[in-house]
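Undergrad: This structure is in structure tokens; I'll ask about it shortly.
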Amino acid sequence: MSEKKQTVPFSGTKEQEQALREVIAGHKDEPGALMPVLQKAQEIYGYLPIEVQKMISDQMGIPMEKIYGVATFYSQFNLNPKGRYRISVCLGTACYVKGSGDIYNALMEKLGIVGGECTPDGKFSLDACRCVGACGLAPVMMINDEVYGRLTVDDIDDILAKYE
Amino acid sequence: MKSLEELREIRENAKKKTSRYRVHVCGGTGCTSSGSPRIIKRLTEEIQANGLEEDVEIVKTGCFGLCALGPIMIVHPEGTFYSMVKEDDIPEIVREHLVGGTPVKRLLYEETTKADHILPLEETNFYKKQHRVALRNCGEISPEHIEEYIGTGGYEALGKVLTTMTPEEVIQVVLDSGLRGRGGAGFPTGLKWRFAAANEADQKYVCCNADEGDPGAFMDRSVLEGDPHVVLEAMAIAGYAIGASQGYIYVRAEYPIAVQRLEIAIRQARELGLLGDDIFGTGFSFDIGLRLGAGAFVCGEETALMTSIEGNRGEPRPRPPFPALKGLFQKPTILNNVETYANIPQIILNGAEWFASMGTEKSKGTKVFALGGKINNTGLVEVPMGTTLREIVEEIGGGVPNGKKFKAAQTGGPSGGCIPAEHLDVPIDYDNLIAIGSMMGSGGLIVMDEDTCMVDIAKFFLEFTVDESCGKCTPCRIGTRRMLEILEKITKGQATLEDLDKLEELCEHLAANSLCALGQTAPNPVISTLRYFRDEYIAHIVDKKCPAGVCKDLLQYRIDADKCKGCTLCARTCPADAIVGSVKEPHMINQDKCLKCGACMEKCRFGAIYKE
């Protein structure tokens, strides 16, 4: 859940708006459609800025406070944009007992940000996640869709360097 | 699908496929993360290059269970087991094994090669004591082809139910089997169905809880990835039993492979008419929709899950009314977990007595556990109820790595508790686990060794519940926060024994006053670690020491002057310049500057640095 002030100005395109309109039309009259619509909207825009929430509110006829309530309730929804490379460190139990907490702390130190934030250049964002499901490789982190397993703190520099 | 005959025709055709070798490569999340897609690609290329397309069939399956050794590849008909396969091993395997007929022994799972002949998988320690019912098809079939599921008898149970049984008979079989909910609470499944069947309504719903939120548990994910049709079939059976025509699967969005396979499975079942209108020409109609969870642990609670499907914040509702009367969209609803459903078709086909013959007096059948943490064979295991924890940890799991001592196993996730070594021989079932202060939960089983601090683990789970508390009721929202604060004080060496009393008092309040199971069970990790490891709490509070050497504020790194050679490596490694000393003289750590990162201890070649 992200409560931080929005710092990046909204820059949605006409194409994105058109895609959103189509998604909303596809879920017309469907009970409980708000969640799937928000999920698709985040796929289109990468996050859910207030501007996008307003469009959904107007077009679906759902009050803004309900949309904002749902968008801030679930950890999957981001109100701020993520980095080009999204790092998520698994803090599930299996990874935690194998030391993923140390990996997470080391990343915060190296990147100079705390969990949930994005580096000022927009390159890396860091999050903790709960169980990727690759417990056999614990401790695990993901950068975008790539999984790195059996990590030690010493591996971090080499891995980050790949994304320079 | 107009008749059972049509289904049987598909099954016979599926059985006719005759390639000499069937190579199964695991396409579950664990093996995918360790590189199985690259293995499949290379294998396909090599097989084409050798002109073996007719002789060898490559099957991307679900999870085999032994995730620690991924990526895994099994060559049938013999069942030869290749573990930790690398891309560059593929040409050799194709040349020697698939062309030459001789398995490449050095690449096989070590345990199978110790005897003179190659051991079948079922005789290895990991598989020998397992009994696969819910995971029956995982690793055996391609989850993306409905014909493969039908080939193993899939949708036969649905056919049997629709053509030969009344809804009441179906419920009676499920009730007689003794099946209890595998999501954690262990409520009798048949009873749940009977309540929902008894309530008249114009619409009822069948829901599947696939929002596997317990961190460190991946049983349901593996079923969905390896055998998605079993869930669809079971939900249709449940729909017939209670009189519902619509189902919903609520699945974690963090499981992209499972979501994709469910989408494929639903589409294929619709195409064959196994979902939709007039199934098997019986007039029964049933369809299933997919809903993606969005990362809220509380949505595993049944009323919160339904609130979420309705498109709201996933907050729980007070019960009663129970979902069997007013559930999803205020209509009678049943909600079962993935693993519960995975047992249903087998119960219908083999009968209630068959199922009830496995397990203990009050817990029938088998249970799938996700074995993780400090254990050699990390993976997925399915054992009959009543198996002891010792059998699971020592025999199947292969024990604790690096010669360390077993300290405790954690079951039930953030709602469960820790089982200490003294209870290793308790037969695991719902009631025994509750008696020793833990719970079955959904099946996460995390092993901890002597290096795990039990206060730190309790704190870890409380951090989780603080994050995941939905905030609707005060005992949970405020109570978990206060509990976490006390635990933080303890791990920093700032707590008093009075704080411990307050902590225990809070445990009672939360358990008694929270709205839903999340808050009611949130104190369990604290209660159970206090029950078995009170001395560790006392050590933190009174002696200001962390016996396991985990809590950083209570640790000091020191250099043993007798062992130190003065090589200066530690001083050069230290990021804080906290180590002083001259060349060839014993060094010292300046405790005021030390960050307790442990880098010096890792680097020292003489074992001269220790923590206390």
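Computed from the coordinates by the stated procedures, all read-outs in this text should not be read as laboratory data. All values derive from a computational prediction rather than experimental measurement. Don't worry about glycine lacking a Cβ; one is built from the backbone with ideal geometry, like all the others, and counts go over all protein chains shown.
Undergrad: Please compute the length gained on full extension between B:Asp425 and B:Phe187, using 0.36 nm multiplied by the number of residues separating them and subtracting their Cα-Cα distance.
TA: Working it through step by step, the gained length comes to 83.2 nm.
Undergrad: Can I ask one more? With all pairs of different alpha carbon atoms counted, what Kirkwood hydrodynamic radius in Å does region B:24-93 show?
TA: One decimal place: 12.0 Å for the Kirkwood radius.
Undergrad: For region B:153-356, what's the relative contact order in percent, using C-alpha pairs closer than 8 Å and at least 6 residues apart?
TA: The normalised contact order for region B:153-356 reaches 32 percent.
Undergrad: Also, quick follow-up: Using alpha carbon coordinates only, what is the Rg to Rh ratio of region B:458-612, with Rh defined as the Kirkwood radius?
TA: 1.15
Undergrad: Once label points are set 7 Å from the Cα along Cα→Cβ at both A:Asn144 and B:Lys17, what is their separation, rounded to one decimal in nm?
TA: Label-label distance for A:Asn144 and B:Lys17, simple model: 3.3 nm.
Undergrad: Semi-axes of the equivalent ellipsoid for region B:424-534, please: Cα gyration tensor eigenvalues, times 5, square-rooted, ordered largest first, whole Å.
TA: 22, 19, 13
Undergrad: May I ask you to derive the FRET efficiency for B:Asp577 and B:Thr496 from their Cβ-Cβ distance with R0 = 51 Å, giving the value to the nearest 0.05?
TA: With R0 = 51 Å, the Cβ-Cβ based efficiency is 0.90.
Undergrad: Still on this structure, please answer the following. Can you give the log10 of the normalised intensity I(q)/I(0) at q = 0.13, 0.16 Å⁻¹, computed with Debye over equal Cα scatterers of region B:366-449?
TA: So the normalised log intensities work out to -0.32, -0.49.
Undergrad: Taking the dipole about the Cα centre of chain B, with the C-beta of Lys and Arg at +1 and of Asp and Glu at -1, give me whichever of B:Met588, B:Pro71, B:Ala134 is farthest to the positive side.
TA: It is B:Met588, whose Cα lies furthest towards the positive end.
Undergrad: Lysines within cross-link reach of B:Lys545: Cα-Cα under 19 Å, excluding same-chain residues under 8 positions apart?
TA: B:Lys407, B:Lys459, B:Lys489, B:Lys492, B:Lys596, B:Lys611
Undergrad: Within straight cross-link reach of A:Lys28, meaning Cα distance under 16 Å, which aspartates and glutamates are found once same-chain residues fewer than 8 apart are removed?
TA: By straight Cα distance, A:Lys28 reaches A:Asp58, B:Glu310.
Undergrad: Now for a separate question. Quick one: work out Rg over Rh on the C-alpha atoms of region B:457-507, Rh as Kirkwood radius.
TA: My calculation of the ratio gives 0.98.
Undergrad: D for region A:85-161, whole µm²/s, Stokes-Einstein with Kirkwood Rh over alpha-carbon pairs at 20 °C and 1.002 mPa s: what number?
TA: Answer, rounded: 177 µm²/s.
Undergrad: According to the Kirkwood expression over distinct Cα-Cα pairs, how big is the hydrodynamic radius of region B:500-587, in Å?
TA: Taking the inverse mean of 1/r over all distinct Cα pairs, region B:500-587 comes out at 16.7 Å.
Undergrad: For region B:153-356, what log10 I(q)/I(0) values come out of the Debye formula at q = 0.19 1/Å, with one point per alpha carbon and no solvent?
TA: Values returned for q = 0.19 Å⁻¹ are -1.48.
Undergrad: Using the count of nearby Cβ atoms within 10 Å as a rough guide to exposure, how do B:Phe329, B:Phe64, A:Phe73 rank from fewest to most?
TA: B:Phe329, A:Phe73, B:Phe64
Undergrad: Taking the Cα centre of region B:457-523 as the origin, how large is its charge dipole in debye, to the nearest 20, when only Lys and Arg (+1) and Asp and Glu (-1) carry charge on their Cβ atoms?
TA: The dipole magnitude comes to about 220 debye.
Undergrad: Relative contact order (percent) for chain A, with alpha-carbon contacts under 8 angstrom and 6 or more residues of separation?
TA: 20 percent
Undergrad: Please list the three semi-axes, largest first and in whole Å, of the ellipsoid equivalent to region B:312-433, using sqrt of 5 times the eigenvalues of its alpha carbon gyration tensor.
TA: Computed over region B:312-433, the values are 32, 21, 13 Å.
Undergrad: Further, regarding this structure: Once you list every other residue whose beta carbon is under 15 Å from the beta carbon of B:Pro318, what net charge do they have if Lys and Arg are +1 and Asp and Glu are -1?
TA: Overall, the nearby charge balance is +1.
Undergrad: Considering only DSSP beta bridges with both partners in region B:18-121, what is the antiparallel share in %, to the nearest 5?
TA: Roughly 55 percent of the beta bridges in region B:18-121 run antiparallel, per DSSP.
Undergrad: At R0 = 45 Å, how high is the FRET efficiency between A:Glu15 and A:Val114 if r is their beta carbon distance? Nearest 0.05 is fine.
TA: Once the sixth-power term is evaluated, E becomes 0.85.
Undergrad: So, R0 is 45 Å and r is the distance between the beta-carbons of B:Ala356 and B:Glu53; what FRET efficiency does that work out to, to 0.05?
TA: 0.45
Undergrad: How much length, in nm to one decimal, is gained on full extension between B:Lys404 and B:Phe322, taken as 0.36 nm per residue of separation minus their Cα-Cα distance?
TA: 24.8 nm
Undergrad: Restricting things to alpha carbons, tell me how big chain A is in terms of Rg and Dmax, in Å.
TA: Cα radius of gyration and Dmax of chain A are 17.8, 53 Å respectively.
Undergrad: Count the net charge of all other residues whose Cβ sits under 11 Å from the Cβ of B:Thr307, scoring Lys and Arg as +1 and Asp and Glu as -1.
TA: It works out to a net charge of -1.
Undergrad: Run the quick spin-label model on B:Ser285 and B:Lys2: label points 7 Å from Cα toward the beta carbon, then report their separation in nm to one decimal.
TA: My value for the distance between the label points is 1.9 nm.
Undergrad: Placing +1 on the Cβ of each Lys and Arg and -1 on the Cβ of each Asp and Glu in region B:366-449, which of B:Ile392, B:Thr378, B:Val368 has its Cα farthest towards the positive end of the resulting dipole?
TA: My answer, from the dipole projection, is B:Thr378.
Undergrad: Mind sorting B:Trp354, B:Trp193 by how few other Cβ atoms lie within 10 Å of their own Cβ, fewest first?
TA: Going from sparsest to densest Cβ surroundings: B:Trp354, B:Trp193.
Undergrad: Next question, about the same structure. How much net charge surrounds B:His587 when only the other residues with a Cβ under 14 Å from the Cβ of B:His587 are counted, with Lys and Arg +1 and Asp and Glu -1?
TA: Summing Lys/Arg as +1 and Asp/Glu as -1 gives +4.
Undergrad: Do you know the relative contact order of region B:225-304, to the nearest whole percent, from alpha carbon pairs under 8 angstrom that are 6+ apart?
TA: For region B:225-304, the relative contact order is 36 percent.
Undergrad: Per residue, how big is the convex hull around the C-alpha atoms of chain B? Give it to me in cubic angstrom, could you?
TA: Dividing the Cα hull volume of chain B by its residue count gives 171 Å³.
Undergrad: Take every Cα-Cα pair in region B:385-432 and report what % of them are more than 13 Å apart.
TA: 60 percent
Undergrad: Pulled fully out, how much extra length does the chain show between B:Asp535 and B:Lys86, if you take 0.36 nm times their separation in residues and subtract their Cα-Cα distance?
TA: Gain in length upon complete extension: 157.0 nm.
Undergrad: In which sequence would A:Asp127, B:Asp116 go, from the one with the fewest C-beta neighbours within 10 Å to the one with the most?
TA: By the 10 Å Cβ count, ascending: B:Asp116, A:Asp127.
Undergrad: Counting helices only, and only those DSSP H runs with n ≥ 4, report the 222 nm mean residue ellipticity of the protein assembly as shown as the sum of -39,500 (n - 2.57) divided by its residues, in deg cm²/dmol to the nearest 500.
TA: -11500 deg cm²/dmol
Undergrad: Cα convex hull of the protein assembly as shown: how many Å³ per residue?
TA: 181 Å³
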